[in-house]
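Colleague: This is the structure I have questions about; it appears just below.
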Amino acid sequence: MAKVENLNQQLKRYFGFDKFKGDQEAIVRNLLAGNDTFVLMPTGGGKSLCYQLPSLLMDGTAIVISPLIALMKNQVDVINGMSEEEGVAHYINSSLSKVAIDQVKADILAHKTKLLYVAPESLNKDENVEFLKSVKISFYAIDEAHCISEWGHDFRPEYRNIRPTIQRIGTAPIIALTATATDKVRTDIKKSLGIVDAKEFKSSFNRPNLYYEIRQKTKGIDKQIIRFIKQNAGKSGIVYCLSRKKVEELSEVLCANEIKAAPYHAGLDSATRSQTQDNFLTEEIDVIVATIAFGMGIDKPDVRFVIHYDIPKSLEGYYQETGRAGRDGGEGKCITFYTYKDLQKLEKFMEGKPVSEQDIGRQLLQETAAYAESSVCRRKMLLHYFGETYDQENCGNCDNCLHPKEKIEAKDALLIVLKVIAAVKENFRADYIIDFVTGREDNEDIISHKHHELDEFGSGEDMDESLWNPVIRQALITGYIKKDVENYGLLKLTAAGKRFMKNPESFMIVKDTEFNADDDDDDEMEGGGSVLDPALLSMLRDLRKEIARKKEIPPYVIFQDISLEQMATIYPITLEELQTIQGVSEGKAKRYGKEFCELIKKHCEENEIERKGVMRVRTVAKKSIIKVNIIKGIDRQIALDDIATAQGIEFEDLLTEIEAIVYSGTKLNIDYFLEEVMDDDHIDEIYDYFSNSESDNLEDALAELGEDEYSEDEVRLVRIKFISEMAN
Ligand code: ADP
Ligand code: MG
């Protein structure tokens with residue numbers, strides 16, 4: 001068997017990574033030792049490596065069972081892109097020709113192939129079983145293993161046959177991997193695969209690199225989204241909408257604003273869908289506007305933002321969808337637009353369904369609403385929902401932690417709630433408790449239970465009503481109360497809650513955020529300043545795209561974003577230096593590195609960049625893309641207000657950008673626009689003023705020219721013309 005002593009070296013050699021993520025090393029060792037293994041790891045956690053690395057180290061070929069053909073081709077490309085030799089990874093599925101299959105078989109028999117990806121349907125075919133009987137199998141990996149269970153969110157009946165087929169081919173260790181599994185699903189998987197004794201590795205579902213933010217949904221939502229995308233130009237992103245109609249509409253709006261976007265939903269034919277998916281992978285398209293139908297099959301590691309246009313139906317869905325951002329550990333902004341109206345709409349849609357289903361649906365919705373409205377750390381709430389405790393005071397990467405609200409003392413309120421829960425025998429849900437605390441006699445349930453006759457009824461009616469939801473939610477997170485599992489939602493007292501009732505102590509909470517109807521809040525996104533050379537980065541990206549196109553593989557197979565960013569920061573110019581970059585293996589450096597090093601070297605020479613060792617760092621403003629677009633727009637004589645709209649910025653901000661452009665020495669001719677919007681004599685007078693003035697100060701100019709006569713915009717426009725003509 002393989003040389004396991006120095007796994008870190010092997011990791012660097014094959015994958016170019018410096019260290020294992022999470023449990024990866026323990027998982028790899030467990031599999032190398034020949035044990036069955038069960039891996040629960042969130043999306044982006046790095047599950048693939050858990051079987052890919054062992055397969056390269058072990059004798060024989062590993063069989064990887066994976067549900068989606070698109071996903072397979074992708075992974076095979078990634079593996080083959082990493083190694084110097086051909087045929088290390090292959091896949092067999094119904095799309096391959098006879099000739100292609102023969103090639104795969106030949107490579108396997110020649111011991112070249114370490115990984116063979118198959119869909120369960122293909123694995124079960126007699127001819128494949130017969131062939132594989134003659135092959136030495138190192139182990140079986142079952143990816144997306146939750147497909148085995150009806151209780152999972154993506155049941156695939158063929159997954160049921162995996163165990164019998166393995167029996168026919170010949171047994172070997174089994175590793176099952178999934179990103180979603182409740183207890184029920186977990187037992188199903190183990191039973192069906194016959195690995196009840198498998199060692200289980202469950203990692204935290206925390207995704208520290210994901211930034212969570214909830215915004216008030218207002219009429220200006222489209223504009224906000226456009227602006228956000230423009231500020232993140234060139235990055236890949238997904239916008240989720242609940243309806244197909246909205247998907248179509250929004251995608252059109254984005255395209256009209258010169259954003260490379262495409263719609264994706266189950267109503268489109270499969271050829272269109274797979275084309276769109278390919279275009280997204282190859283970065284012909286930056287933004288996919290999609291219903292939830294999009295995502296499962298997509299393995300793009302560098303999705304930089306996920307926007308929810310509508311609130312998702314459950315937190316499971318929210319977690320899965322936001323989880324598609326930043327799988328490579330890099331930036332991943334998750335922005336959700338929320339209004340209570342949407343929630344009510346969703347509840348209405350459920351009305352035709354069976355009562356029990358409605359009840360579950362409504363509870364899932366309430367969880368989502370609680371998450372959205374709360375001012376508690378998003379991460380803490382999300383992890384609490386998945387049964388995990390997050391202890392950090394401030395996660396530093398969600399809106400609530402970046403803009404913390406003042407805490408208020410809620411000791412008395414909590415005491416009231418706990419006493420009420422006890423008084424109604426721990427048999428009711430949060431909304432009932434709140435109605436009871438506030439003394440609502442119009443709640444018929446309360447009357448029919450005769451609960452209005454209890455002493456505690458209305459015991460909190462003098463207090464601020466908006467307090468009760470946050471008190472209950474935060475008491476859940478802190479562990480004073482819990483929700484019953486059997487009868488989901490019934491509030492129960494915990495031991496800590498009972499202790500609190502005897503000995504009340506301080507209980508500091510944050511009040512919920514108020515989401516009003518249409519409050520026009522257009523907060524700017526924060527965009528952390530980058531410390532890299534954007535000009536070089538964009539040339540590196542172009543080079544990568546060009547090579548990718550030639551080789552017909554997605555760009556990130558060559559180098560991932562994070563690698564390019566590091567290159568544009570530390571300027572490596574030899575293959576050795578290149579390997580110090582994250583994600584660059586020896587094989588990769590040899591295969592693709594030369595052209596990149598040459599480009600970097602040339603760039604350094606031309607711009608007289610001094611490389612201090614390989615650690616040179618430059619700080620540059622990041623707005624250059626907007627500027628380029630503005631210059632292009634003006635060259636094409638597009639009206640300035642249209643340019644502002646297209647860039648998703650206010651007119652004043654556009655003027656500021658243009659001023660920066662002309663002041664830094666670029667000539668711009670905006671006469672076409674001035675003539676359109678201003679009188680000639682106005683132009684002349686302002687122009688004259690600047691010709692004769694000693695300063696270009698705006699206030700001075702307005703004072704001199706007269707604010708009633710001339711608007712600030714006019715003065716600024718003519719000043720731009722003046723600077724551009726005179727100084728440049
Ligand atoms: P999952 O299948 O769990 O969703 P993947 O296997 O697709 O996740 O991995 C997600 C990303 O993490 C990929 O871009 C992969 O290259 C990267 N990755 C995996 N392991 C490591 C590691 N040890 N160091 C750095 N990046 C890693
Ligand atoms: Mg995966």
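Colleague: Using a 1.4 angstrom probe, figure out how much accessible area the stretch 622-727 has per residue, in square angstrom, rounded to the nearest whole.
Modeller: 55
Colleague: Let me ask something additional. Return the calculated 222 nm mean residue ellipticity for the chain, to the nearest 500 deg cm²/dmol, obtained by summing -39500 (n - 2.57) across DSSP H runs with n ≥ 4 and dividing by the residue count.
Modeller: -14000 deg cm²/dmol
Colleague: Could you tell me whether the stretch 1-160 comes out rounded, prolate or oblate from its Cα gyration tensor? Rule is a ≥ b ≥ c as square roots of the eigenvalues, rounded for a/c under 1.5, then prolate if a/b exceeds b/c, otherwise oblate.
Modeller: Taking the square roots of the gyration eigenvalues as a ≥ b ≥ c, the stretch 1-160 is oblate.
Colleague: Hey, got the dipole for the chain? About the Cα centre, +1 on K and R Cβ, -1 on D and E Cβ, debye to the nearest 20?
Modeller: Here the size comes out at about 5880 debye.
Colleague: While we're here: When averaged across all projection directions, what area in nm² does the alpha-carbon convex hull of the stretch 628-718 cover?
Modeller: Mean orientational projected area (the stretch 628-718, Cα hull): 5.8 nm².
Colleague: For labels at Lys483 and Asp59 in the simple 7 Å Cα→Cβ model, what's the distance in nm?
Modeller: 5.2
Colleague: Moving to a separate point now. First check a/c for the stretch 253-328, with a ≥ b ≥ c the square roots of the eigenvalues of its C-alpha gyration tensor; if it is under 1.5, answer rounded, and if not, answer prolate when a/b is larger than b/c or oblate otherwise.
Modeller: Rounded, since a/c falls under 1.5.
Colleague: Using unit Cβ charges (K, R positive; D, E negative) and no other charged atoms, how large, in debye to the nearest 20, is the dipole of the stretch 7-202 about its Cα centre?
Modeller: The calculated dipole for the stretch 7-202 is roughly 300 debye.
Colleague: I would also like to ask the following. Mind checking the alpha-carbon convex hull of the stretch 438-488 and giving the volume per residue in Å³?
Modeller: 111
Colleague: Could you list, in their original order, any pairs among Lys333/Lys627; Lys190/Lys425; Lys21/Lys125; Lys47/Lys235; Lys112/Lys594; Lys19/Lys602 whose Cα atoms are separated by more than 30 Å?
Modeller: As for pairs spanning more than 30 Å Cα to Cα, those are Lys190/Lys425; Lys21/Lys125; Lys19/Lys602.
Colleague: Gap in Å between the Cα centre of the stretch 645-707 and the Cα centre of the stretch 416-459?
Modeller: The stretch 416-459 and the stretch 645-707 have Cα centres separated by 66 Å.
Colleague: Return an integer: the convex hull volume of the alpha-carbon atoms of the stretch 370-469, in Å³ per residue.
Modeller: 124
Colleague: Oh, and also: So which trypsin sites (Lys or Arg not before Pro) in the stretch 1-64 are both in a DSSP loop and have at most 14 other Cβ atoms within 10 Å of their Cβ?
Modeller: Filter output for the stretch 1-64: Lys3, Lys19.
Colleague: State, to one decimal in nm, how far the label point of Asp455 lies from the label point of Ala256, with both points 7 Å from Cα in the Cβ direction.
Modeller: Each label point lies 7 Å from its Cα, and together they span 6.5 nm.
Colleague: Percent relative contact order of the chain, based on C-alpha pairs within less than 8 angstrom and at least six residues apart?
Modeller: Rounded, it is 12 percent for the chain.
Colleague: Cα convex hull of the chain: mean projected area in nm², to one decimal?
Modeller: Mean projected area of the Cα convex hull: 39.2 nm².
Colleague: Which value in nm describes the separation of the simple spin-label points at His403 and Ser134, placed 7 Å from the Cα toward the beta carbon?
Modeller: 6.7
Colleague: Let me ask something additional. For the stretch 534-606, I need the span (max minus min coordinate) of the C-alpha atoms along each principal axis, in Å, sorted largest to smallest.
Modeller: Principal-axis extents of the stretch 534-606 (Cα, largest first): 31, 24, 18 Å.
Colleague: Also: What does the charge dipole of the stretch 622-727 about its Cα centre add up to, to the nearest 20 debye, if the Cβ of each Lys and Arg holds +1 and the Cβ of each Asp and Glu holds -1?
Modeller: About 1140 debye.
Colleague: So if we plug the beta-carbon distance of Asn394 and Glu650 into 1/(1 + (r/R0)^6) with R0 = 45 Å, what FRET efficiency do we get, rounded to 0.05?
Modeller: Once the sixth-power term is evaluated, E becomes 0.90.
Colleague: Let me ask you something else. State the three equivalent ellipsoid semi-axes of the stretch 210-375, derived from the C-alpha gyration tensor as the square roots of 5 times its eigenvalues, in descending order and whole Å.
Modeller: Equivalent-ellipsoid dimensions as semi-axes: 26, 18, 16 Å.
Colleague: Taking only C-alpha pairs under 8 Å that are 6+ residues apart, what is the relative contact order of the stretch 568-607 in percent?
Modeller: 49
Colleague: Let me ask you something else. Going 7 Å from the Cα of Asp197 along its beta-carbon direction, which residues of the stretch 35-61 have the amide nitrogen within less than 11 Å of the resulting point?
Modeller: Hits in the stretch 35-61 for Asp197 at 11 Å: 36.
Colleague: For Ser691 and Met350 in one chain, what is 0.36 nm times their gap in residues minus the Cα-Cα distance, to one decimal in nm?
Modeller: Residue separation times 0.36 nm, minus the Cα-Cα distance, leaves 115.9 nm.
Colleague: I've got another one for you. Assuming 0.36 nm per residue, please report the length gained on full extension of the stretch Tyr663 to Asp641 beyond their Cα-Cα distance.
Modeller: 5.9 nm
Colleague: Provide the FRET efficiency to the nearest 0.05 for the Asp442-Gln167 pair, computing r from the beta carbons and using R0 = 56 Å.
Modeller: The value I calculate is 0.30.
Colleague: A further question on this structure: Pick out, from Phe349, Gln392, Tyr371, the residue whose Cα sits farthest towards the positive end of the charge dipole of the stretch 333-396, with +1 on the Cβ of Lys and Arg and -1 on the Cβ of Asp and Glu.
Modeller: Phe349
Colleague: Compute the label zone of Gln366 within the stretch 450-486: residues whose backbone N is under 16 Å from the point 7 Å along Cα-to-Cβ.
Modeller: Counting backbone N atoms under 16 Å from the label point, the list is 468-477, 481-486.
Colleague: With an 8 Å cut-off on Cα pairs and a minimum separation of 6 or more residues, tell me the relative contact order of the stretch 340-413 in percent.
Modeller: 22
Colleague: What is the gain in length, in nm to one decimal, between Asp462 and Asp671 on full extension, counting 0.36 nm per residue of separation less the C-alpha to C-alpha distance?
Modeller: Difference between extended and current length: 68.7 nm.
Colleague: Kindly state, to the nearest 0.05, the FRET efficiency for Thr513 paired with Lys341, given R0 = 25 Å and r defined as their beta-carbon distance.
Modeller: 0.95
Colleague: Among Ile285, Leu315, Gly633, which residue has its Cα positioned farthest towards the positive end of the charge dipole of the chain, with +1 placed on the Cβ of Lys and Arg, -1 on the Cβ of Asp and Glu, and the dipole taken about the Cα centre?
Modeller: Towards the positive end, the residue furthest out is Leu315.
The values are calculated or read from the model by the stated rules, or taken from the named source; none is laboratory data. Being a predicted model, the structure only gives us computed values, none of them experimental. Heads up, the Cβs are rebuilt from the backbone with ideal geometry, glycines too, and the neighbour counts pull from every protein chain shown. To get the accessible areas, we keep the full protein, side chains included, count just its heavy atoms, and leave off ligands, DNA and RNA. Shrake-Rupley method; radii C 1.70, N 1.55, O 1.52, S 1.80 Å.
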